[in-house]
There are 2 protein chains.
Amino acid sequence: MATPRSTPSARPYHHGDLRRAIMSAALETIAADGPAALSLRDLARRAGVSHAAPAHHFKDRAGLLTAIAAEGHELLAGALREAEDLREAGVRYVRFAREHPAHFQVMFAPQLLRTGDVELITAQALSDAALRDAVAGVPARDRGVESRLAGVAAWSLAHGFATLLLAHNLDDALGGGEPEEMFREVAATLFRPGAGPDTDTA
Amino acid sequence: MATPRSTPSARPYHHGDLRRAIMSAALETIAADGPAALSLRDLARRAGVSHAAPAHHFKDRAGLLTAIAAEGHELLAGALREAEDLREAGVRYVRFAREHPAHFQVMFAPQLLRTGDVELITAQALSDAALRDAVAGVPARDRGVESRLAGVAAWSLAHGFATLLLAHNLDDALGGGEPEEMFREVAATLFRPGAGPDTDTA
DNA sequence: CTCCCATCTGGTCATTGACAAGTTGCGCGC
DNA sequence: GCGCGCAACTTGTCAATGACCAGATGGGAG
């Protein structure tokens, strides 16, 4: 923010924080129109630098998206760490998807990323661990319920809800209500003993 | 070279079923490398036609993806209709995602589609109805459980599982087992009265 | 003060999506 | 059985883009 970007004429040779500027612009575009709408040259224009400048910070398109994904995993890990129980972790998962839709989309689009990137893998390990801890926080008196299954169940539910939410597939069901509140209700119907809708198939 | 390709007889001016050929090639590419890797010109080359031929059938890139999404909704609706109960519908949802990964990805990527397209909307209505019917099939003796919530819960769980599966986020948890079987177990732990892992928060 | 090198510039090339205008030949009406 | 309309396909073109390269710039370490 220390750069005189508000005065377009007096642009110094060195941007100051181009990496952050490019990332922020990218997040805006992705949140609005998806990763496919990203143009490195457009980001450069918006940051007021030459068309090749972004490459120095991110190498290429995949590099930029990988950096975003890594940042997303760190943010998600931080959010999950603050949750007190599994249900709250789920709520925070959904909230994360709402507040950081661009990060969220990119994090789970491995086709767009450099999956071997060290920073990405490190960050993924963070959010993975946070997820695992959240599941492990549930009293392990779940006789038949393997922790592995419980983890997949909880993750699937939160991830599916968040994904459908961002794709506007829950707009009807929401009817204007707060998504997090609805997720809380949904989780309550499933994760409460003796209250799940029975499939009747024994 | 006016090679007859491998298809029967020399390649006539009229391809015969170019629309289907383009779609099939597109599905291959998307399944392998995602929608972002799609190139209309490459599809044309693979089909042995000129670079502008696809436009006549699909107008543009969004048109092709919209056609794929519509077909996907029809296929999904068909698959769900054959399910006998909600859990089986979930299994079929997951299986659909596995057998038609390209369709699945595109169906839930509204940013790539012409969301106003009539064929798409019609097909969406089909799969929506199939989903609703599957949920409605559950004995409505779910006092506290609104049908709306139960629907969102079931859809979220299946969709999240399928999405994470395709993004290779469940590879570890699966350990080589069949995804559908694991989903069946996951659903069993949640959708069986008194067996869900308790969050302990009242 | 000087020089190193991260940062940024300008240029280039192949590829792509979209559009425009022309060509081919199937099949329908007569 | 025959011409002709129209859908299917063609070639040509243009602006935009990602990636790469050599060079200019200037902040800061020594």
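Using all Cα-Cα distances in the stretch A:18-58, what percent lands in each 5 angstrom bin from 0 up to the longest?
Whole-percent P(r) values from 0 Å outward: 6, 30, 36, 21, 8, 0.
Please give the charge dipole size of the stretch A:18-58, origin at the Cα centre, charges +1 on K and R Cβ atoms and -1 on D and E Cβ atoms. Round to the nearest 20 debye.
Value, rounded to 20: 180 debye.
Taking every residue in B:111-121, how many Cβ atoms of other protein chains lie within 10 Å of its Cβ, on average?
The mean count of partner-chain Cβ atoms within 10 Å per residue comes to 1.
Assign one of three labels to the stretch B:81-180, namely rounded, prolate or oblate, based on the Cα gyration tensor with a ≥ b ≥ c the square roots of its eigenvalues; rounded applies when a/c is under 1.5, prolate when it is not and a/b is larger than b/c, and oblate otherwise.
In terms of gyration-tensor shape, oblate.
Order the peptides B:68-79, B:51-62 from the highest to the lowest mean number of other Cβ atoms within 10 Å of their residues.
Working: B:68-79: 21.4, B:51-62: 15.3.
The most tightly packed comes first, giving B:68-79, B:51-62.
Which whole-number percentage describes the relative contact order of the stretch A:18-58, with Cα contacts under 8 Å and a sequence gap of 6 or more?
Values: 31 pairs, mean separation 16.1, N = 41.
About 39 percent, as a whole number.
Tell me the total accessible area that B and A bury against each other, 1.4 angstrom probe, in square angstrom rounded to 100.
Details: alone 12310 and 12310 Å², together 19950 Å².
Using a 1.4 Å probe on protein heavy atoms, the buried area is about 4700 Å².
Taking the label point 7 Å from Cα in the Cβ direction, how far apart in nm is B:GLY78 from each other copy of itself, listed shortest first?
Here the equivalent label points are 4.9 nm apart from this one.
Take peptide A:83-91, look around each residue's Cβ out to 10 angstrom, count Cβ atoms belonging to other protein chains, and average those counts.
Partner Cβ neighbours, averaged per residue: 2.
Place the label 7 angstrom along Cα→C-beta at B:ASP171 and in each other copy, then list the distances from the first to the rest in nm, shortest first.
Distances to the matching label points in the other copies: 3.5 nm.
Could you compute Rg(Cα) / (2.2 N^0.38 Å) for the stretch B:68-122, with N its residue count?
Cα Rg divided by the expected 2.2 N^0.38 Å: 1.16.
Inside 10 Å of the C-beta atoms of A:179-191, what's the mean count of C-beta atoms belonging to other chains?
5
Measure off, as a whole percent, the carbon and sulfur share of the 1.4 Å-probe accessible area of the stretch B:36-145, all protein chains present. Provide the component values of the computation, followed by the final result.
Details: 2810 of 5430 Å².
Its accessible area is 52 percent carbon and sulfur atoms.
With a 10 Å radius around each residue's Cβ, average the other Cβ atoms per peptide and rank A:98-105, B:158-165, A:147-154, B:169-176, highest first. Please report the intermediate quantities before stating the final value.
Numbers: A:98-105: 19.9, B:158-165: 25.0, A:147-154: 22.0, B:169-176: 13.8.
Those peptides, ordered most packed to least, come out B:158-165, A:147-154, A:98-105, B:169-176.
The values are calculated or read from the model by the stated rules, or taken from the named source; none is laboratory data. Predicted, not measured: the structure shown is a model, and the values here were computed from it. Cβ coordinates were reconstructed from backbone atoms using ideal geometry, including for glycine residues, and neighbour counts include every protein chain displayed. Quick note on the areas: whole protein, heavy atoms, side chains included, nothing else; ligands and nucleic acids left out. Shrake-Rupley method; radii C 1.70, N 1.55, O 1.52, S 1.80 Å.
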